[in-house]
1. Filter the stretch 111-150 for residues that are polar (S, T, N, Q) and under 21 Å from residue 236 (Cα atoms) and give the result.
2. Please work out which residue is farthest from residue 109 (Cα to Cα), limiting yourself to the stretch 227-238 and to residues that are surrounded by fewer than 19 Cβ atoms within 10 Å (Cβ to Cβ), touching a residue at least 60 places away in the same chain (Cβ under 8 Å) and more than 8 Å from the ligand (Cβ to nearest atom).
3. Of all residues in the stretch 52-82, count the ones that are touching a residue at least 12 places away in the same chain (Cβ under 8 Å) and more than 16 Å from the ligand (Cβ to nearest atom).
4. Answer yes or no: is there a residue in the stretch 127-136 that is in a strand (DSSP E or B) and either farther than 20 Å from residue 156 by Cβ or of a type in the set (Val, Ile, Thr) (or both).
5. Given the structure, is residue 40 over 30 Å from residue 198 (Cβ atoms), touching a residue at least 24 places away in the same chain (Cβ under 8 Å) and either over 15 Å from the mean Cα position of the chain (by Cα) or surrounded by 14 or more Cβ atoms within 10 Å (Cβ to Cβ) (or both)?
6. From (1) surrounded by 12 or more Cβ atoms within 10 Å (Cβ to Cβ); (2) within 9 Å of the ligand (Cβ to nearest atom), pick out the condition that doesn't hold for residue 195.
7. Right, residue 250: in contact (Cβ under 8 Å) with a residue 60 or more places away in the chain, in contact with a Lys or Arg (Cβ under 7 Å, 6 or more places away or on another chain), open to solvent by 20 Å² or more (accessible area, probe 1.4 Å) and over 28 Å from residue 181 (Cα atoms) or not?
8. Need a quick list: helices (runs of 4 or more DSSP H) entirely within the stretch 208-321 having at least 1 residues that are over 21 Å from residue 174 (Cα atoms).
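The values are calculated or read from the model by the stated rules, or taken from the named source; none is laboratory data. Not measured: the values here are computed from a predicted model. Methodologically, a virtual Cβ is constructed for each residue, glycine included, from the backbone with ideal geometry; neighbour enumeration extends over all protein chains shown. The accessibility values were calculated without ligands, DNA or RNA, using every heavy atom of the protein model including side chains. Shrake-Rupley method; radii C 1.70, N 1.55, O 1.52, S 1.80 Å.
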Amino acid sequence: GSDVLSSLLRVSVTDSSMPEPGAAPRRSPQGVPYSDLPHIVNADGLHLFCRYWEPTGQPRALVFIAHGAGEHCGPYDEMAQRLKELSLLVFAHDHVGHGQSEGDRMNIKDFQIYIRDSLQHIDLMKSRHPDLPVFIVGHSMGGAISILTACERPGDFVGVVLIAPLVQMNPESATPFKVFMAKLLNHMLPSLTMGSIESKWLSRDKRQVEAYDADELNYHGGMRVSFGMQLMAAVERMQREIPSISWPFLLLHGDADKLCDIRGSRMMYDNSLSTDKKIKIYEGGYHALHHDLPEVAESVLKELTTWITEHIPAATSQEAQ
Ligand SMILES: O=C1N[C@]2(CO1)C[C@H](C(=O)N1CCC(COc3ccc(F)cc3Cl)CC1)C2
């Protein structure tokens, strides 16, 4: 009868999860169909793996976490759990070419793609929770993504937390000669790889270094010259943007960091217009402070969660009623 026909029609029309006949389902680099994974599709049609940490009650704010070069958003689970316990809705994705997302491993045609995709995910979550304040937390290259994302939408974020952000090049690795050679090589052999990220400089806690080395979702290959050029371009763009930054931020940096020079954080603190800004230096701290010695990691989580909760705007009177 007609009800059978209409129910068949309903299935065919509404069941959009079925790939059209003949198209193989898109799979993550690890072989998992994206239909089985939380994901967004970016403006270039690439699938980005997403994680969400949703509090049980009404969330008080949105927090986007931007991970760094060669890693993914999984290692931020403990940080995200702590924020979720404070009724914050935390979300993240693996950037293009990282972790469970599509894209050429740790390579990018233009650093702006990371910022565009972050804004796409942030806008999606804001559309679902239009009245919530938004924070960004970024580490290392994820700090550069966070800074440039907040610079594009200066009024959109109530606060930005930066853990050992990439703001300036490490002076040893960025001597004028090396920069010149990198630019020259970029024209001749852009996919030539330089050294890889030395994991021993990530943390003084060797268990954390071992976990990083054992994590197959991390990229352990060499850094392409072309990727290094994109990082340098992002550094140059930040040098131009920092003098006009006026949004609130918290900087956390170890003074024994050999991967992202602490001078970049000091420069951002000294040269930005922001009146609401805080910098906390961890004596002897290595690069991944949130994974450094247990007392440092704990201090970082306390510092970050306290700063964020203190920066959630008090509900206005009509909202409170
Ligand atoms: O826990 C974590 N932290 C991670 C991994 O796992 C560290 C990594 C991360 O993002 N960076 C560390 C390396 C640094 C290299 O920088 C350059 C290299 C060549 C070049 F030509 C120009 C630049 Cl700027 C970029 C930032 C994220």
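1. Once the filter is applied, which keeps residues that are polar (S, T, N, Q) and under 21 Å from residue 236 (Cα atoms), the stretch 111-150 yields 112, 118, 140, 146, 149.
2. This residue is 237.
3. Residues meeting the conditions: 14.
4. Yes - at least one qualifying residue is present in the stretch 127-136.
5. yes
6. Residue 195 satisfies every listed condition except (1).
7. no
8. In the stretch 208-321, 262-271, 294-310, 317-320 are the helices (runs of 4 or more DSSP H) which contain 1 or more residues that are over 21 Å from residue 174 (Cα atoms).
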